[in-house]
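J.: Input: one structure, supplied below.
The values are calculated or read from the model by the stated rules, or taken from the named source; none is laboratory data. Nothing here was measured: the structure is a model prediction, and the numbers come from that model. Methodologically, a virtual Cβ is constructed for each residue, glycine included, from the backbone with ideal geometry; neighbour enumeration extends over all protein chains shown. In case anyone asks, the SASA skips ligands and DNA or RNA and just uses the protein heavy atoms, side chains included. Shrake-Rupley method; radii C 1.70, N 1.55, O 1.52, S 1.80 Å.
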Amino acid sequence: MPFPSIRMRRLRANPFVRSAIEETELSARRIMAPLFVRPGRHQRVAIKSMPGQAQLSIDNLVQEAKALRRRGISSILLFGIPSKKDATGSEAYAASGIVQQAIRALKKAVPDTLVAADLCFCEYTSHGHCGIVKNGDVDNDATLKITAKAAVAQARAGADIIAPSGMMDGMVKTIRQALDKNGFQNTLIMSYAAKYASAFYGPFREAAGSAPKFGDRHSYQMNPANAGEALREVALDIEEGADIVMVKPALSYMDIIRRVKEKFNVPVAAYNVSGEYAMVKAAGQKGWVDEKRVVREILTGLRRAGADLIITYHAKDLLLPRI
C-alpha cells in the first residue's frame, strides 16, 4: 500500500521500537582485540601512528587482557616483538619465543580468554619478509616447514586458535597436518585467506617493526583489484582445513566479505586494520568526526556485510552489550 497508509518513519520515531527491530547486532562477543607483546617487565611502549595502542611486556599484557575481559571482550589476537631477529625468524617457533611465553601467561592469569596467535615471520626476520628468502623472494615451500614448527609451538603453549597470515600456498594444510600429528586436533585455524597487499598496513609496520628491508610483498599478498581471486583463495583454505576465514583489510573490502559469506557460509573474520584505525583516531582528535559514532558505524557495517568476528584496535574504546 502506498503513502500515506505506509509511513516508514513510524518505525523510527520511538527509540524502543527502533532498537527492537534493529537488524544487525554488534556485541562484545563479536570483537577480537589485537595486542602486541614485547620482552621485559613494566613495558608500555606507545605506538605513535596508532594512538592508544602500545607494545606491552607480558605483565602489562595480562592486565590489558583482564581490562578487556571486564568490558566483555574475551578474545585477543597476539603479535610478538622478538628480542632478536634472524634470517629464518627462529623466535617465532622457539618454545621460549615471546608469543609462546605470553600465551602461557595469559592462559594462567585469564583462562577464560580466547587466545589467537598470529603466525607470520615478518616481525621475526632480519629482512622483514614473511618467510625464508631465496634469490630475493620468499621461498613458499621452505617457509611451510617453519610454519608447521611455529604452529605446533603456539599450540603447545596453549593457543586456542592459530592464525596464519603469510599468504603462503598450502599453509593451512601444512598447519592442520602438523597440529593433528602432534595431538592438537581441536586447535582451530583462522586463516588470513584473502589478505591484500594494502597501503592500510603502514602503522602496523611501525607497531610490529615488520617493514621489509627490500622490495615489497606483492608476490604473495593479493592485488587489491581482484575479487574472484579472493574466492579462490578462500575455497582452497576451506578445503585445506581452515575453521574461520579472514578478509584483510576490512573497510575497503566489504564487497569481499559479503561475497565470501554468501558463497561459502562459513565463519568469516574481518580485520579492521591499523591504517583504518589511525584515520579515524586522527580525525577524531582533530574534532572532524564523532569518533565513537564513526567507529560503531564502521563495525556495524562490517557485521552487516557478513563478518561474524571483527578484529579491531578500537576494541578497548567500545562499550558494547554482552550477548
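J.: Whenever you get a sec, line up Arg70, Arg38 from highest to lowest accessible area (probe 1.4 Å, protein heavy atoms).
T.: On the way: Arg70 160, Arg38 60 Å².
Putting Arg70, Arg38 in descending order of accessible area: Arg70, Arg38.
J.: Which whole DSSP H helices in the chain pass both tests: a Cα extent of 20 Å or more along the axis and a mean Kyte-Doolittle value no lower than -1.0?
T.: On the way: long enough: 140-157 (25 Å, 0.05); 291-305 (21 Å, -0.51).
Span-like helices here: 140-157, 291-305.
J.: Expressed in nm to one decimal, what extension gain is obtained for the pair Arg70 and Leu319 from 0.36 nm per residue of sequence separation less their Cα-Cα distance?
T.: Numbers: separation 249, 0.36 × 249 = 89.64 nm, distance 1.06 nm.
Gain in length upon complete extension: 88.6 nm.
J.: Could you state the principal axis extents of the C-alpha atoms in the chain, from the largest down, to the nearest angstrom?
T.: Principal extents (largest minus smallest coordinate, Cα): 70, 45, 39 Å.
J.: For a protection proxy built on the mean count of beta-carbon atoms within 10 angstrom, sort 5-17, 121-133 highest first, please. It would help to have the intermediate numbers written out before the result.
T.: Numbers: 5-17: 8.8, 121-133: 24.0.
Result, highest mean first: 121-133, 5-17.
J.: Expressed as a whole percentage, what fraction of the accessible surface of the chain belongs to carbon and sulfur atoms when a 1.4 Å probe is rolled over the protein heavy atoms?
T.: Details: 7780 of 14920 Å².
For the chain, the apolar C and S fraction of the accessible surface comes to 52 percent.
J.: Just tell me which lysines come within less than 17 Å, Cα to Cα, of Lys181; anything on the same chain fewer than 8 places away is out.
T.: In chain and number order, the partners are Lys145, Lys149, Lys173.
J.: Which of Lys48/Lys85; Lys107/Lys263; Lys108/Lys248; Lys66/Lys195 have a Cα-Cα distance over 28 Å?
T.: Working: Lys48/Lys85 22 Å; Lys107/Lys263 36 Å; Lys108/Lys248 31 Å; Lys66/Lys195 30 Å.
Flagged as over cut-off: Lys107/Lys263; Lys108/Lys248; Lys66/Lys195.
J.: Which net charge results for the neighbourhood of Arg296, defined as the other residues with beta-carbon distances under 11 angstrom from its beta-carbon, given Lys and Arg at +1 and Asp and Glu at -1?
T.: Summing Lys and Arg as +1 and Asp and Glu as -1 gives -1.
J.: Separate question: Which one, Ala227, Met50, Gly97, projects farthest toward the positive side of the charge dipole computed for the chain from Cβ point charges (K/R +1, D/E -1)?
T.: Working it through, the farthest residue towards the positive pole turns out to be Met50.
J.: Using only protein heavy atoms and a 1.4 Å probe, report how much of His42 is accessible, in Å² to the nearest 10.
T.: 130 Å²
J.: Sticking with this one: Report the net charge of residues surrounding Val245, where surrounding means a beta-carbon distance below 9 angstrom and charges are Lys +1, Arg +1, Asp -1, Glu -1. Present the calculation step by step, with values, prior to reporting the outcome.
T.: Values: positive: none; negative: Glu233, Asp237, Asp243.
Around Val245, the surrounding residues sum to -3.
J.: Follow-up question, since we're still on this one. Arranged from highest to lowest average of other beta-carbon atoms within 10 Å per residue, in what order do the peptides 225-236, 188-199 appear?
T.: Details: 225-236: 15.5, 188-199: 23.0.
The densest-packed peptide leads the list: 188-199, 225-236.
J.: Please work out the average accessible area per residue across the chain, using the 1.4 Å probe convention, and give it in Å². The partial results should precede the final answer.
T.: Details: 14920 Å² over 323 residues.
That works out to 46 Å² per residue.
J.: Testing the spin-label approximation: label points 7 Å from Cα along Cα→Cβ at Asp86 and Asn182. State their distance in nm.
T.: Result for the modelled spin labels: 1.7 nm.
J.: Then there's this: Just want to confirm a number: the relative contact order over the chain, from Cα pairs under 8 angstrom separated by 6+ residues, in percent. The partial results should precede the final answer.
T.: Values: 636 pairs, mean separation 60.7, N = 323.
Worked out over the chain, it gives 19 percent.
J.: Say each of Arg18 and Lys48 gets a label point 7 Å from the Cα, pointing the same way as Cα to Cβ; how far apart are those two points in nm?
T.: Label at Arg18, label at Lys48, 4.2 nm between them.
J.: So which chymotrypsin sites (Phe, Trp or Tyr not before Pro) in segment 202-279 end up in coil per DSSP with only 15 or fewer other C-beta atoms within 10 Å? Provide the component values of the computation, followed by the final result.
T.: Numbers: sites: Phe204, Phe214, Tyr220, Tyr253, Phe264, Tyr271, Tyr277; in loops: Phe214, Tyr220.
Answer by residue number: Phe214.
J.: 222 nm [θ] for the chain, helices only, -39500 (n - 2.57) per DSSP H run of 4+, per residue, to 500?
T.: Details: 11 runs with 123 residues, N = 323.
It lands at -11500 deg cm²/dmol.
J.: Still on this model: Compute the length gained on full extension between Ser27 and Lys292: take 0.36 nm times their separation in residues and subtract their Cα-Cα distance, giving the result in nm to one decimal.
T.: On the way: separation 265, 0.36 × 265 = 95.40 nm, distance 1.47 nm.
Roughly 93.9 nm would be gained on extension.
J.: Still on this structure: Apply the Karplus curve 6.51 cos²θ - 1.76 cosθ + 1.60, θ = phi - 60°, to the phi angles in segment 310-317 and return the couplings in whole Hz, x for Gly and Pro.
T.: 10, 8, 8, 6, 6, 3, 6, 8
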